[in-house]
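The values are calculated or read from the model by the stated rules, or taken from the named source; none is laboratory data. Here the structure is a predicted model, which means the values were calculated and not measured. Reconstructed Cβ throughout: ideal geometry from the backbone, glycine too, with neighbour counts over all protein chains shown. With ligands, DNA and RNA removed, areas are computed over all heavy atoms of the protein, side chains included. Shrake-Rupley method; radii C 1.70, N 1.55, O 1.52, S 1.80 Å.
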Amino acid sequence: MDGRCYALNTLRTFGYGGVDIFLLAAGFGNYFSYFKDENPLNFIKRKIYRLMPTYIPFIAVWCLYQVSINDEDPYYIIGNLLGIQGLSSSGFYFNWYLTVLDICYILT
């Protein structure tokens, strides 16, 4: 049993590095995407149009699921749909990556 727990803990430790790799890859992608058209507004629009068709259906289903099992309030749903729930200290926040991507886009 100890060998299996050790292996899982080691795998989890390496898994945390996935966030760093994700941010590095997002940074490179943003850099090259921005220089296709150096207009900042066009860059943001391209990113939003690429992300939203996948994000909205997923997050809507996930929020409905969370409401069905946790009976969450509307502020929780709105905050998670918009990716701003992490800016408050209330409720459960699970889609931190959208806020991080938004910050990366703005910094680019």
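Comparing Leu51, Gly27, Asn9 along the charge dipole axis of region 1-65, the residue lying farthest to the positive side is Leu51, per the Cβ-charge model.
Computed extension length for Ile103-Ile21: 27.9 nm, one decimal, from 0.36 nm per residue of separation with the Cα-Cα distance subtracted. Accessible area ranking (1.4 Å probe, heavy atoms, ligands and nucleic acids excluded), largest first, for Lys36, Lys47: Lys36, Lys47.
Once the Cβ-Cβ distance between Trp62 and Tyr31 is put in as r, and R0 is 25 Å, what FRET efficiency do you end up with, to the nearest 0.05? All intermediate terms of the calculation are to be shown ahead of the outcome.
On the way: r = 30 Å, r/R0 = 1.21.
Once the sixth-power term is evaluated, E becomes 0.25.
When nucleic acids and ligands are ignored and a 1.4 Å probe is applied, Leu8 ends up with an accessible area of around 110 Å².
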